[in-house]
Structures are given as structure tokens and as C-alpha cells.
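Please read the structure below before turning to the comments.
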Amino acid sequence: MAVPPSTYPRRLLPLFLGLFQGALLLFFALFVTYDEPSEQAEDASLVANQVYSTFPFFQDIQVMLVVGLGLLLTFLPRYGFSALTHNFLLLNFSAQWALVLQGLLHRFHHGHIHLDLHKLLLSEFAAVTVLISVGAILGRASPCQLLVMATCEIPLYLASEWVIVTCLGVLDVGGTITIHVFSCYFGLGVSKALFRAAQQPLHPKETPTTSSDLMSLVGTLILWVFWPSFVAVLCQPGDAQHRAILNTLLAMSASAITTVVASSLLERDGKLSPGHLQNGSLAGGVAIGVLADMAVPPAAALALGSLSAVLCVLGFRFLTPLLARKLTLHDQCGIHNLHGLPGILGAAASVVAILVAPEDTAGPHPSQPSPAAGNASQAAQGQGGSRALCQAAGLALAVGAPLLAGLLTGSALRLPCLARPPQRLCFEDSLYFRIHDQAESPAPDSSAEEGALALKEQV
């Protein structure tokens, strides 16, 4: 008779989260407060207008991250509960962690952090990087590993974003470089170090089913609808924000149509691949973010959306298998195809846009102290070459730094106490949830060893 394994790994997740939430509660009680109510009518009206103009965008982004992205990750047929729940957990954990770090680093005045909706929005942007990065190791990592990964990634993102936006002056209002490219290569670095040189064979539970692909496609549609809010929320209200919305809609419309064309042409029988539709339709939104508020012609947005979709589909069809075979690089959700390749394309397009019309480019990133948009535009005149060089330097930093940090983080995730699931028990909800459906329960003839492993991995 098999000896029951230690219950220590099972208690690691509630212990980790309990200590984190308790420490956060104490921190908020001591150092976090709201701004004093405005006594003057003009100030109160200004605050009200800011809330009414920002909160609808904020709600759209919440729907994107909680519902849209969560459903997009349900393409694994026996990992739907885990994908949705872990996505929701990581969003809340990462946003709170980012809120604390941002307050300590940038907004700690007179012993207190003054909380408002804009600061909460920026913390959610930081959390997005974690939600994207975990796509590289989805289903093959335990919740504790994912939380440790988030703990390491958030401070690195904040440092990287500060260097890229504040120090280099990179224009990236939609997060193409600072969010999508950064999170992609951090996730790939984690995956490479976590699995090392071992090539991951196709798991029997890894193949999507009709119902799981349908749920994932619903997530794509939700993301597609709300994506313009994600890109435009940090733009200067007015013409810049209007341009960002229009350019994003055009780019995503072009990427949706081009995905159908490319997917059909790549298949011998002309049929469409659900995986291509789920990802390629969103590629335009990733690429356009870096120059969404720039004064580029509408044709440029359409062209960028189409090119990004082609890159994404070709990446799934050829590049992902090549990287897995030559570099033993595992990318479960294809984040390199959806976030890495279109992100690099968008960054390159921004360099061209700045070189062609530097005087028409948008102002500084709204998340940092900056002059008015008009003054920034005047300062940009005659500096197209230096600004373009800064854009390229920001892209290089967003690739190299997270890749190196991801390798170090992935090595740390190999610690046995973090309860990484064994290969044969990956992509299985029953490791983390009490499943009542008999069809999802382990087979009656499961070995005692597999049952013991399942018990150990229930974190």
C-alpha cells in the first residue's frame, strides 16, 4: 500500500495567499489613503469628469481581462476551470502587488500613498504582463509557481517601463513594447529555464475539442470588441484618443479578415484553423498600440493590421514548431505569435512613422509627469532620428531584459516545494478542483502512484 504523501504542498497556496493578503491589509491600513474631497466646485467638477471619462474604459478592460482573456485560455479541454480561475487569481494578486510597488516607488508623499482610479488602472496594466506571460507555461505549472512568477515579474515590469518610457522617452500609449513584447519574452524565458532542454511531447489532454475551441473563440470575440478601450484609455482626451480608437478598430478589422485569408491558404483543403482565428484576429490590436495616437493615415492602420495577422498565422504554422524542434522552446498558448511578432512589427512601424513625420507624432505617455501634448509635439520637430533611435532602443530593452530575467525566474520555479505537476498529470482540473462530473474524474483503475501524485499536487 502506497504511503500518503506529505500534505505540505497542499497548504502552500493558502499559506502564501493568506500571508500576502494579511500583509497588504496592514500596509493599506498604515500607508494608503484617498485624496481629500475637493471643496471648490471647479475642482470637484474636474474630478467627476475624470471619473466619468475613465471608468467606462476601466470597465471595458476588466471585461477583457476577466472574461475575454479567461475564456481565450479555455482551449485545453480538461483545464477550463483552472485556466479561468488562475487567470482571475493572478489578475487580482498582480494588480495589488503592482499597486503597492508603484505607490512606494513613485507616489509615496508625506508618509502616505493617495489612491485614485488612474493608479488602479496602471496597476491593472502591470497585471496584464503576468496574464500574458503565463500563457507560455499554461497547464504545466502549479498555482504556486504562477504566483512566484508574478511576484518576480511585476517589479521588473515597473522598472522596465520606467526606463523605456521615462528615461528613453519611448512613445507607446497602447503598451505594444512595454506590455506585449516585454511579457512575451519574459514568459518564453521562464518556459525555457523551467523545462530546460527537455522537448515537451504532445500531451494526450493537450488537444482542443470542439467545445473548448468554441469557448476560446468566444473569448477572442470579447477581447476584439473591447480592445480599443485598452489602447485608448491612457491617451490624451480629444483628438489623440479619437485617433487611437479609430486606428485600433481599423487594424483589428483588417487582422480579422486577413486571418481568414491566411489560415485558409495555408490549409490544403482550404478550411480554417480555430487556433488561427482565436489569435490572428487580435494581432492588429497588439501591433497598433505603439502608434495608435500618432497622426498616421488610415491606410497605415489597415496595412499594419493585415501584416500582423499574417505574421501571427505564419508563426503558428511554421515558427512555433521550428522553435520547439531546434531550441526546445515550449510556448503553450503561442504568445510569441500573438504578442511577440506583432509587437516587434508595431515597434518597427513606429520607428518609420516617427522618421517620416516626427512633428505629427503624439505627446508623452500619460502615466509619467510630462509637458502638454502641444509642447511635446513642438519639441519633437527636427528630432525624428533621435526619437526613432529611442524607439528601437526601447524595443531592444523590452526583448533582452525580460528574456534574461525570465531565465532566472524559470530556474527558481524548479524548486520542489512549488509542486510542479508531473508530465502525465498536466492539463488536468482535478488536480486543483473538486470535480463532481464523473466524466472528468480519474478513472477507477488509476494506479495508487498516480492518485498519490494527484494528492500531492493539489495546491
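Any read-out appearing in this document is the output of simple, stated calculations on the displayed coordinates, not a laboratory observation. Source: prediction; values computed, not measured. Don't worry about glycine lacking a Cβ; one is built from the backbone with ideal geometry, like all the others, and counts go over all protein chains shown.
Report D for segment 45-147 in µm² per second (integer): Stokes-Einstein, Kirkwood Rh on Cα pairs, 10 °C, 1.306 mPa s. Walk me through the numbers on the way to the answer.
Numbers: Rh = 15.0 Å.
Reported coefficient: 106 µm²/s.
Computed from the mean reciprocal separation of all distinct C-alpha pairs, what Kirkwood hydrodynamic radius does segment 151-210 have, in Å?
Its Kirkwood hydrodynamic radius stands at 14.0 Å.
Once you have a ≥ b ≥ c as the square roots of the Cα gyration tensor eigenvalues for segment 189-237, tell me rounded if a/c is under 1.5, and otherwise prolate or oblate according to whether a/b is larger than b/c. List each step's numbers first, then the result.
Numbers: a/c = 7.74, a/b = 1.53, b/c = 5.05.
Taking the square roots of the gyration eigenvalues as a ≥ b ≥ c, segment 189-237 is oblate.
Quantify how much of the Cα-Cα distance distribution of segment 250-326 extends past 20 Å, in percent.
Of the Cα pairs, 32 percent sit more than 20 Å apart.
How many percent of the alpha carbon pairs in segment 156-311 exceed a separation of 27 Å?
Values: 4166 of 12090 pairs.
Counting pairs separated by more than 27 Å, the tail of P(r) holds 34 percent.
Which order do the peptides 232-242, 272-282 come out in when sorted by mean C-beta neighbours inside 10 angstrom, highest first? Write down the numbers at each step before the final one.
Values: 232-242: 18.5, 272-282: 23.0.
The densest-packed peptide leads the list: 272-282, 232-242.
Given axes a ≥ b ≥ c from the Cα gyration tensor, I'd like to know whether segment 56-105 is rounded (a/c under 1.5), prolate (a/b larger than b/c) or oblate.
Working: a/c = 4.30, a/b = 1.72, b/c = 2.51.
Oblate is the answer for segment 56-105, as a/c is 1.5 or above yet b/c matches or exceeds a/b.
Determine the shape class of segment 175-258: with a ≥ b ≥ c the square roots of the Cα gyration tensor eigenvalues, call it rounded for a/c under 1.5, and otherwise prolate if a/b is greater than b/c, oblate otherwise. Before the final figure, lay out the partial values.
Working: a/c = 3.42, a/b = 1.60, b/c = 2.13.
Cα axes put segment 175-258 in the oblate bin.
Excluding Pro204 itself, calculate the net charge of residues whose Cβ lies under 11 Å from the Cβ of Pro204, where each Lys or Arg counts +1 and each Asp or Glu counts -1.
Numbers: positive: Arg78, Lys205, Arg424; negative: Glu206, Glu428.
With Lys, Arg at +1 and Asp, Glu at -1, the net is +1.
Give me the percent relative contact order of segment 132-291, please, defined on Cα pairs under 8 angstrom at least 6 residues apart.
On the way: 135 pairs, mean separation 46.6, N = 160.
After rounding, I find 29 percent.
Can you tell me which of 180-190, 394-404, 333-343 comes out highest on packing, and rank the rest after it, using the mean Cβ neighbours within 10 Å?
Numbers: 180-190: 29.5, 394-404: 20.5, 333-343: 27.2.
Those peptides, ordered most packed to least, come out 180-190, 333-343, 394-404.
Once Rh is set to the Kirkwood radius over Cα pairs, what Stokes-Einstein translational diffusion coefficient, in µm²/s, holds for segment 80-235 at a temperature of 4 °C and a viscosity of 1.567 mPa s?
Details: Rh = 17.1 Å.
For the chosen part, D equals 76 µm²/s.
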